[in-house]
Amino acid sequence: MADKLAQLVQTLGGGVINLSDFKIIRLIGKGGFGEVHIAEHIPTGVKCAVKMLYMNMLSVQQLELYRREIEILAQCRFPCLLHLYGFTITPPYAIVTPYVENGSLDRHLGPSTSDPLNPTQKTLIAIGVAYGMMKLHQMNVIHRDLKSMNVLLDSSYHPVVCDFGIARTLSNYGNEMTKSIGTIGWMAPEQMTSSNYDNKVDVYAYAMVLYELLEERIPFVGENHVIMHAVVYEKKRPEFKHVESGTIIKLIKSCWHDKPNKRPSFRRIFQIFLSNDCMFSGSDSNLVYQYCQNLNLTEKVPMYDEENDPESNKKDKKEKKDKEKKDKDKDKDKDKDKKKEKKEKKDKKEDKKEKKKEKKHH
């Protein structure tokens, strides 16, 4: 165990922290494996979040999850993704990240919230999550548990995607995934039933986050096995109760498509937002445009152009190729039929000739 963590330190070029340098202020969250505290870094006075694991001894699987989360956080040097301050390699095991002031997105949704979001904030959150997920996928990482609880909001109510504990790095693990890992109401059908899935499971989960922003409620309520049966076998999706501009609903429906290859990539989703005509009703289009441009300063993603969309073209080219092949096969079959018909006519003529000869001979 110590060897694996030491190897990680060597790979990252440092990052080890001493917990005695942090003053714990208060508990802000509990999970299955640990607690999250607000803390102050004593030498600098900077507020941060300290995720402390309950166990002093980690199993091989727990160590792998801990190591993986650190490794992914260390790569997240982009806007809209939580990044790493440091971690411990001896008990108590802890990961230190920036403190994100406004907590998780789910706390700002629903009738009981004391801090509701306006349409512009919702649109910026949708854009920022798409941008962060685009960068994550560029790193060959699948999140596998994207939901409102794993999106934090900073002081400007801009999103920060977090919780990479069950994320997978494709380059390290190939295509074989763990079946049914994630949160059931946000999980894609193929993620529930198979270990053969790709990063489009995150696009499906993103559709559910958009749905939460629109409807201000979780996608499904009920027992897990009932939800799973409805999604997988009945192809059910959450119902819309709010009247909203068609662009957002159209985007949601394309993202939760039953066939993964029909779902758009996050790059394409970000392009759609860059076009400045996809937003929640009542959004300030100038603020939306400015936020998109600020995110796009380094990325330089072109605006969405349906006619020149490479994803769309790939699909169209494939469909065209398949159609051409079918047409060729049909033509071949027709040629075969014609040749067969010609041969049959020829054979009949020859038979008639033979019969005439025989009659003449007799």
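The values are calculated or read from the model by the stated rules, or taken from the named source; none is laboratory data. Remember, predicted model here, so these are calculated numbers, not experimental data. Backbone-built Cβ (ideal geometry, glycine too); neighbour counts: all protein chains shown.
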- [ ] Could you grab the pairs with beta carbons closer than 9 Å, sequence gap of 6+ or different chains, first residue in the range 262-283 and under 22 Å from Leu117 (Cα atoms), second one buried (at least 24 other Cβ atoms within 10 Å of the Cβ) and among the charged types (D, E, K, R)?
- [x] Met279/Lys122; Phe280/Lys122; Ser283/Lys122
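Restricting to the range 24-68, give me the number of residues that are of a type in the set (Lys, Arg) and surrounded by 13 or more Cβ atoms within 10 Å (Cβ to Cβ). Explain how you work it out, then say what you get.
Residues of the range 24-68 that are of a type in the set (Lys, Arg), as a first pass: 26, 30, 47, 51, 67-68.
Now drop any that are not surrounded by 13 or more Cβ atoms within 10 Å (Cβ to Cβ), which leaves 47, 51, 67-68.
So the count comes out to 4.
Among the residues of the range 34-59, which ones are modelled with pLDDT under 95 and of a type in the set (S, T, N, Q)?
Filtering the range 34-59 for residues modelled with pLDDT under 95 gives 34-36, 51-59.
Within the range 34-59, Asn56, Ser59 meet the criteria.
Would you mind finding the one in Leu19, Leu8 that is touching a residue at least 12 places away in the same chain (Cβ under 8 Å) and in contact with a Gly (Cβ under 9 Å, 6 or more places away or on another chain)? If you could, list the steps in order and put the result at the bottom.
Numbers: Leu19 fails: in contact with a Gly (Cβ under 9 Å, 6 or more places away or on another chain).
None of the other options fit; the residue is Leu8.
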Task: 3 or more residues under 30 Å from Cys292 (Cβ atoms): qualifying strands (runs of 3 or more DSSP E) within the range 1-89 - done: 46-53
Open item on the list: Against the definition (acidic (Asp, Glu), at pLDDT below 95 and farther than 28 Å from Gln61 by Cβ), how does Glu244 come out, yes or no?
Closed with: yes
